[in-house]
Structure formats: C-alpha cells, structure tokens
Amino acid sequence: MEINGPIDAQRLDNFMKQLRWIWDSDDGLILELMTQGGDADIARRIALEIRIFQAYAATAAYVIGKTAVMSAGVTVLSGFNCKNRFLTADATKGPWYCKDP
C-alpha cells in the first residue's frame, strides 16, 4: 500500500480501503510513504490504525519512507515499531526519535 502526497481526508479513505483488504487477505502490511505533510489529526488516525494492526494481526507491518517524510508523515511513521521503519538513502525526513515501549 502507499501514501504518496498530502495527508488529507481522501488519503485516509484510500488508506482505510487498502487496510481492510489487507486485514481480509491476511497479508502483511508494507507501506510506501512519501509526503510533505498535511492534516495532523488524520495522520494520528492513520498511525492509530497501524498500531491496532500491529497489535492484532497475525502478520508484520513495515514502512519504507521514500524521498520525503515530513510533518504529518513523521506522525504516520511513528505508528510503526522502530525495527520496522526504513528510509531510502535519498529520504529527507522531519525530526523524529525512535523508541519502542
């Protein structure tokens, strides 16, 4: 699945549709993420859904940040376990700190 562009209501709708398909298929979640940012509350909702998936799905969840992961994108990134977060060599990211509980 991918988030490519601003974090907004349309992106949330697309994300939820893709996530439902992944839940139904028992596949793992691999998210390609590239965004300059967007709506912080929507990013928090996406991160929550990712945390729920990681807690209850029988498969793993991974994210790969590509080119730019900024602002609300860092919030989405934070939904993933630290060990499952990856960035491409060219990725520009906002400040983030990784510490799993």
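Only the coordinates and a few stated rules stand behind these numbers; no lab work does. As the structure is a computational prediction, the values presented were derived from the model and not from experiment. Cβ sites come from the backbone with ideal geometry, for glycine too, and all protein chains shown count toward neighbours.
Some notes on this structure:
- Summed over qualifying helices (DSSP H, 4 residues or more, each -39500 (n - 2.57)) and divided by its residue number, the chain shows a 222 nm mean residue ellipticity of -12500 deg cm²/dmol.
- Computed from phi, the 3J(HN,Hα) profile of segment 13-21 under the Karplus parametrisation 6.51, -1.76, 1.60 (θ = phi - 60°) reads 4, 5, 4, 5, 4, 5, 5, 4, 4 Hz, with x in place of Gly and Pro.
- Across segment 1-40, the fraction of Cα-Cα pairs farther apart than 15 Å, rounded to a whole number, is 41%.
- Amide H to amide H, with H built 1.01 Å from N, residue 62 comes under 5 Å of 29, 30, 31, counting only residues 5 or more places away or on other chains.
- Residue exposure sequence - 70, 16 - by fewest surrounding Cβ within 10 Å: 16, 70
- The equivalent ellipsoid that matches the C-alpha gyration tensor of the chain spans semi-axes of 19, 16, 12 angstrom, in descending order.
- Long-range HN-HN contacts of residue 71 with modeled amide H, under 5 Å: 94
- Computed 3J(HN,Hα) for segment 62-68, one whole-Hz value per residue from the Karplus formula 6.51 cos²θ - 1.76 cosθ + 1.60 where θ = phi - 60°, is 10, 10, 10, x, 10, 6, 9, glycine and proline marked x.
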